[in-house]
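The values are calculated or read from the model by the stated rules, or taken from the named source; none is laboratory data. Everything numeric in this text was worked out from a predicted model, so none of it was measured. Methodologically, a virtual Cβ is constructed for each residue, glycine included, from the backbone with ideal geometry; neighbour enumeration extends over all protein chains shown.
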Amino acid sequence: MAGPSAHDDAGGTATGPDDPVAAQRVRVKRWVGLGKRTGYLCLLVAIVAFGVAIATDLPGALVAVVIAGLVGSALTLLPATIFGYALNAAVREEAAEARAVQARAARRRDPA
């Protein structure tokens, strides 16, 4: 399996196919996506179970499903959201650094 290209899925700018930072970002992005999908699925299960529970006089099993869905959603969405924002911030910071390096190089070439 080939490594990430110069414009990988995480939005970073890799220096080559063996860039460990870009590879790590791709892995983190994959886990973030999985965490978000799982968290929103848990939330959907909790909402549907709550609707059914309200319609059927709140049986204990459905209340347990609602609570489990909400807990599962919180346990998966929270870390996925935090890591997703961290990944986006790292990509933005790397892009800003690259622009600063290019600007410094341009000033050196054209001091006027």
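General remarks:
- Residues satisfying the stated conditions in the stretch 50-93, i.e. touching a Cys at 6+ places or on another chain (Cβ under 7 Å) and of a type in the set (Val, Ile, Thr): THR76
- Hey, ALA98 touching a strand residue (DSSP E or B) at 6+ places or on another chain (Cβ under 9 Å) and assigned to a helix (DSSP H, G or I) or not: yes
- Looking across the stretch 10-65, the residues that are small (Gly, Ala, Ser) and either at pLDDT below 95 or in contact with a Leu (Cβ under 8 Å, 6 or more places away or on another chain) (or both) come down to ALA10, GLY11, GLY12, ALA14, GLY16, ALA22, ALA23, GLY35, GLY39, ALA46, ALA49, ALA53.
- Residue list for the stretch 54-99, filter: loosely packed, with under 14 Cβ neighbours inside 10 Å, closer than 18 Å to VAL21 by Cβ and of a type in the set (A, V, I, L, M): ALA86, ALA89, ALA95, ALA96, ALA98
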